[in-house]
Amino acid sequence: MAEGANKDLVKTDANSPNHNSPYYLHPSDYPRQMHVNDALTDNNYLDWVQEMENFLFAKNKIGFIDGTIKRPESDDANYMAWMRCDAMIKGWLTTAMEKEIRGSVKYANSASEIWKDLKERFGKESAPRAYELKQAISNTRQEGMTISAYYTKLRGLWDEMQSFLPAPVCKCNGCTCGIGKSLRELKEKEHLYEFLMGLDGEFSIIRTQILATKPIPSLRNAYHLVAEDEQQRSIAGVKKPVNETMAFQASAKRGGSPNKVGQKKNKGHCDHCGRDGHTRDGCFKIVATQNGGT
């Protein structure tokens, strides 16, 4: 931003503050506020910086950390407004850090200086972490998780990998060469194959159908197809125990057990009369003959 441009950022008076100005501070703002889910540690910089950037953007203060809103000269009308905002942002940043990290930046002269220092320390590309993420993606399997939980787990790994190894972006003006689009399509196909590869065996049919579709569906559409298949399986799975319960109740009324419903009890075979259902000892013809002969 050109020198002196800060003068156009705020046109306020005491009675009518400009809420759209980056210099505006709400009466409820104070430095010792925690605006992210977790304090910054040595291991969570990527998540932390994303949350903090979102917060500062929503508060219209992103220019103070990226250096686009520079410190005015001390005789500038906006000097004190800038100093107040910068002090507030420094408080927000340091409150959202572990004590050890906070101690290393407490003498910084501005919020942008703190931001730059953190980026240099924690934001460098980490080859071991990128390798670890790539391995985790390759080894991630559904293993009984719901489709939603499995996809969410993969999505988190993909997003973190993207922060370490951003996809190349075509920089030609207007991107008429189509390289940018092709790169995005290749990355989405890679994610689609990784998603399908980790599905449990029960989804082998829907997986084959997706791979056989021409053109192959997008990752989003493939996810919905698999989720619908999961829902149908869930509905079918609910009906089965109901039928088994009904069979058990029907069997109990007949005095049998579910395993014996419709089965005929085998009581032997009579070698005298040739009929089934009894043995020679209980044959009616022999008994009748013996009684008649008495």
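Here are a few things to note about the model shown:
- Test: residue in region 125-136 that is within 30 Å of residue 222 (Cα to Cα), surrounded by 14 or more Cβ atoms within 10 Å (Cβ to Cβ) and modelled with pLDDT of 90 or more: yes
- Some residue of region 68-81 being within 31 Å of the chain's Cα centre (by Cα) and either under 28 Å from residue 164 (Cβ atoms) or modelled with pLDDT of 95 or more (or both): no
- Per-region count, region 57-70, residues in a loop (DSSP other than H, G, I, E, B), free of Cβ contacts under 8 Å to residues at least 60 places away in the same chain and charged (D, E, K, R): 2
- Top-ranked residue of region 100-114 - restricted to ones that are within 12 Å of residue 40 (Cα to Cα) and either surrounded by fewer than 11 Cβ atoms within 10 Å (Cβ to Cβ) or of a type in the set (A, V, I, L, M, F, W, C) (or both), ranked as nearest to the chain's Cα centre (by Cα): 101
- Filtered residues of region 42-99 (kept if of a type in the set (Gly, Ala, Ser), surrounded by fewer than 17 Cβ atoms within 10 Å (Cβ to Cβ) and closer than 22 Å to residue 26 by Cβ): 58, 77, 87, 91
- Per-region count, region 71-113, residues part of a helix (DSSP H, G or I), touching a residue at least 40 places away in the same chain (Cβ under 8 Å), within 21 Å of residue 48 (Cα to Cα) and aliphatic (A, V, I, L, M): 5
- Residue 39 being at pLDDT 90 or above and closer than 30 Å to residue 132 by Cα: yes
The values are calculated or read from the model by the stated rules, or taken from the named source; none is laboratory data. Owing to the predicted nature of the structure, the values given are computational and were not obtained by experimental measurement. As a convention, Cβ positions derive from the backbone with ideal geometry for all residues, glycine included, and neighbour counts pool all protein chains shown.
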